[in-house]
1. Under the 0.36 nm per residue contour assumption, what length would be gained going from the current alpha-carbon distance of Gln62 and Thr24 to full extension?
2. Considering only protein heavy atoms, with the full assembly of protein chains and a 1.4 angstrom probe, order Val26, Val67, Val34 by accessible area, largest first.
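The values are calculated or read from the model by the stated rules, or taken from the named source; none is laboratory data. No experiment lies behind these values; they were computed from the predicted model shown. When the accessible area is computed, the model is the full protein with side chains, heavy atoms only, and any ligands, DNA or RNA have been set aside. Shrake-Rupley method; radii C 1.70, N 1.55, O 1.52, S 1.80 Å.
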Amino acid sequence: MCITVLNIRKSKGGVKMELYCCQTHVGQGLDEFVAKTESYPILTELSDSKKLSTKCNYCEEQALYLVADK
């Protein structure tokens, strides 16, 4: 069983969803984002300092990408 923790924040424009993904799970993150928000995500590469302290939402690997809506 896989449990995914999403970072969902409320902002002025509504709910903001962020997924941190490693190279292996970036496709899964993009698919999940589209399925849950029904909108196009923005894929950005994390800075070197952010990569060091951030784990993938799907496994314990170092996150390389942020899938978010703005």
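1. Details: separation 38, 0.36 × 38 = 13.68 nm, distance 1.05 nm.
The Gln62-Thr24 span can extend by a further 12.6 nm.
2. Working: Val26 25, Val67 0, Val34 65 Å².
The most accessible residue leads, giving Val34, Val26, Val67.
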